[in-house]
Amino acid sequence: MTTNYRVEVRGVLPSGLTDELRRRFGAVVVQSDGARTVMPALAVDQAALRAVLDLLWDVDGELLLVQAVPPRAERGDR
């Protein structure tokens, strides 16, 4: 089952990792302000989430948050 996750990491991801995330998981939105990087709505199943976390681990990414977020329609956003 696919779930949307908000993933936050301290700092900026290497560009190669951003490219790899998009290659493996499609149109992944990656936003960074320099202090942290956010993937606000990563739509993956649990196995793919594990793969994302493994990729972050491989580049010594400091994980700040992994949070399941409901789809927009369920939150009342339209």
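The values are calculated or read from the model by the stated rules, or taken from the named source; none is laboratory data. Because the structure is predicted, anything quoted here is derived from the model rather than measured. A quick note on method: Cβ atoms are made from the backbone with ideal geometry, for glycine too, and the neighbour counts reach across all protein chains shown. In case anyone asks, the SASA skips ligands and DNA or RNA and just uses the protein heavy atoms, side chains included. Shrake-Rupley method; radii C 1.70, N 1.55, O 1.52, S 1.80 Å.
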Do you know which residues across the stretch 12-47 are in contact with a Gly (Cβ under 9 Å, 6 or more places away or on another chain) and at positive phi?
34
Restricting attention to the stretch 5-33, which residues are under 9 Å from the mean Cα position of the chain (by Cα) and not aliphatic (A, V, I, L, M)?
5, 6, 8
Just to be sure, is residue 9 in contact (Cβ under 8 Å) with a residue 40 or more places away in the chain, of a type in the set (A, V, I, L, M, F, W, C), at negative phi and assigned to a strand (DSSP E or B)?
yes
Residue 18 of a type outside the set (Asp, Glu) and assigned to a helix (DSSP H, G or I)
yes
Report, ordered by the first and then the second residue, all pairs with beta carbons closer than 6 Å, sequence separation of six or more or different chains, a first member in the stretch 27-42 that is more than 15 Å from residue 11 (Cα to Cα), and a second member that is open to solvent by less than 60 Å² (accessible area, probe 1.4 Å) and part of a loop (DSSP other than H, G, I, E, B).
none
If I ask for residues that are aliphatic (A, V, I, L, M) and surrounded by 12 or more Cβ atoms within 10 Å (Cβ to Cβ), which ones from the stretch 30-52 would you list?
30, 38, 39, 41, 42, 43, 44, 48, 49, 51, 52
